[in-house]
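> Mind having a look at this structure? Questions to follow.
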Amino acid sequence: MTEVPPLLVAVFFGAFGLVIGSFLNVCIYRLPLKQSVVWPASRCAKCQRELSWYENVPVLAWLVLGGRCRSCKDRISAMYPIVELVTGALFVGAYLLYGVTPLTFVRIGFGCSMIVLFVIDLQHRILPNVITVTGVPIGFALSLFLPPGWKESLIGLAIGGGVLFVIGEAYYRLRGIDGLGMGDVKMLAMIGAFLGWRLTLVTLIFASFTGALVGVALLTSGRGGMKAALPFGTFLAVGAVVAAVAGDQIFNWYVGFYR
């Protein structure tokens, strides 16, 4: 049997990723509105006209239409092609890292959930339970057969949910205001279930560090105050992807300082 060239497989993964990215855009738009992500068909958010098939072609349709609706000329956010391109890159990256294996598709599914949570939290400051809460048992169930293994997964979801809950509770008791939402707690528990406790710690440290940097940048630029709410789930999503790709190396590098 003739072996399929790796480049052709990568192209297939990328093309399929663009299509899935288009579906993720539907999830990003509809989940905060508590609408079905499968029905009705995609339509313009302004004039509600159902889109033709060629208007749903990832990236290309947005470019051809000039980023505007064909009927009402309302502007279509550049976030749509960006999500599609990032998802396509995610699919190719997962293939290059893991080949065509069961873990590849688990990491792709996890990455897709992080993309959706990233954008929704950035735009709406919410993290839908349909992804976070549902993701915890799914991640743990998959760990029975695949890395990180069920023990790492169980500890990860316990640490992920527990650490943020304790931090949020302590902040509330000290300041009298909510510093973290339960959505962040559930999201990190989901990350722990999929990645295990080591990569969960990498995720949390990375998210905290980048969040602090952005917070300081906003303060110094005068665009945010001490009480400005930052979408921590967005930073967790980025941290989780970084941890999934290079978390083991980062963890071992850090632990090496104490050996």
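> Determine if region 33-48 includes at least one residue that is hydroxyl-bearing (Ser, Thr, Tyr), loosely packed, with under 12 Cβ neighbours inside 10 Å, part of a loop (DSSP other than H, G, I, E, B) and out of contact with any Gly (no Cβ under 7 Å at 6 or more places or on another chain).
Going residue by residue through region 33-48, those that are hydroxyl-bearing (Ser, Thr, Tyr) are 36, 42.
Applying the additional criterion that residues be loosely packed, with under 12 Cβ neighbours inside 10 Å yields 36.
Subsequent filtering for residues that are part of a loop (DSSP other than H, G, I, E, B) retains 36.
Next, from what is left, pick out any that are out of contact with any Gly (no Cβ under 7 Å at 6 or more places or on another chain): 36.
Yes, because at least one residue in region 33-48 is hydroxyl-bearing (Ser, Thr, Tyr), loosely packed, with under 12 Cβ neighbours inside 10 Å, part of a loop (DSSP other than H, G, I, E, B) and out of contact with any Gly (no Cβ under 7 Å at 6 or more places or on another chain).
> Next up: Answer yes or no: is there a residue in region 87-104 that is among the aromatic types (Phe, Trp, Tyr), surrounded by 13 or more Cβ atoms within 10 Å (Cβ to Cβ), modelled with pLDDT of 95 or more and in contact with a Gly (Cβ under 8 Å, 6 or more places away or on another chain).
yes
> Filter region 213-240 down to residues that are in a loop (DSSP other than H, G, I, E, B), more than 20 Å from Met114 (Cβ to Cβ) and of a type in the set (A, V, I, L, M) and give me whichever is modelled with the lowest pLDDT.
Here is the first cut: in region 213-240, the residues in a loop (DSSP other than H, G, I, E, B) are 222-231.
Filter again for more than 20 Å from Met114 (Cβ to Cβ), leaving 222-229.
Of the ones still in play, those that are also of a type in the set (A, V, I, L, M) are 226, 228-229.
Working: Met226: 46, Ala228: 54, Ala229: 64.
The qualifying residue modelled with the lowest pLDDT is Met226.
> Scan region 49-67 for residues that are assigned to a loop (DSSP other than H, G, I, E, B) and out of contact with any strand residue (DSSP E or B) (no Cβ under 7 Å at 6 or more places or on another chain) and jot them down. Explain how you work it out, then say what you get.
Step one: of region 49-67, the residues assigned to a loop (DSSP other than H, G, I, E, B) are 49, 51-52, 57-59, 65-67.
If the condition is that a residue be assigned to a loop (DSSP other than H, G, I, E, B) and out of contact with any strand residue (DSSP E or B) (no Cβ under 7 Å at 6 or more places or on another chain), then Ser52, Val57, Pro58, Val59, Leu65, Gly66 are the ones that fit.
> Still on this structure: With (1) farther than 23 Å from Asp121 by Cα; (2) within 24 Å of the chain's Cα centre (by Cα) as the list, and Leu7 as the residue in question, which single condition is left unmet?
It is condition (2) that Leu7 fails.
> When Gly176 is evaluated against the numbered criteria (1) modelled with pLDDT of 90 or more; (2) on the phi > 0 side of the Ramachandran plot, which criterion, by number, is the only one it fails?
Tallying (1) modelled with pLDDT of 90 or more; (2) on the phi > 0 side of the Ramachandran plot, Gly176 fails exactly one: (1).
> Please find, among Ala170, Ala193, the residue that is at pLDDT 95 or above and part of a helix (DSSP H, G or I).
Working: Ala170 fails: at pLDDT 95 or above.
Testing whether each residue is at pLDDT 95 or above and part of a helix (DSSP H, G or I) leaves just Ala193.
> Just name the residue that is farthest from the chain's Cα centre (by Cα) out of those in region 79-107 that are assigned to a helix (DSSP H, G or I) and free of Cβ contacts under 8 Å to residues at least 24 places away in the same chain. First the steps, then the outcome.
So the first thing to find is which residues in region 79-107 are assigned to a helix (DSSP H, G or I), and the list is 79-98, 102-107.
From what is left, the residues that are free of Cβ contacts under 8 Å to residues at least 24 places away in the same chain are 81-82, 98, 104-105.
On the way: Pro81: 16, Ile82: 13, Tyr98: 19, Thr104: 16, Phe105: 15 Å.
Only one residue fits best here, namely Tyr98.
> Let me ask something else. May I ask you to verify whether Ala15 is at pLDDT 95 or above, touching a helix residue (DSSP H, G or I) at 6+ places or on another chain (Cβ under 8 Å) and surrounded by fewer than 15 Cβ atoms within 10 Å (Cβ to Cβ)? Please lay out each step first, then the result.
Numbers: at pLDDT 95 or above: yes; touching a helix residue (DSSP H, G or I) at 6+ places or on another chain (Cβ under 8 Å): yes; surrounded by fewer than 15 Cβ atoms within 10 Å (Cβ to Cβ): yes.
Spelling it out, Ala15 is indeed at pLDDT 95 or above, touching a helix residue (DSSP H, G or I) at 6+ places or on another chain (Cβ under 8 Å) and surrounded by fewer than 15 Cβ atoms within 10 Å (Cβ to Cβ).
The values are calculated or read from the model by the stated rules, or taken from the named source; none is laboratory data. What you see is a predicted model, and the numbers here were worked out from it, not measured in a lab. We place every Cβ from the backbone using ideal geometry, glycine too, and count neighbours over all the protein chains shown.
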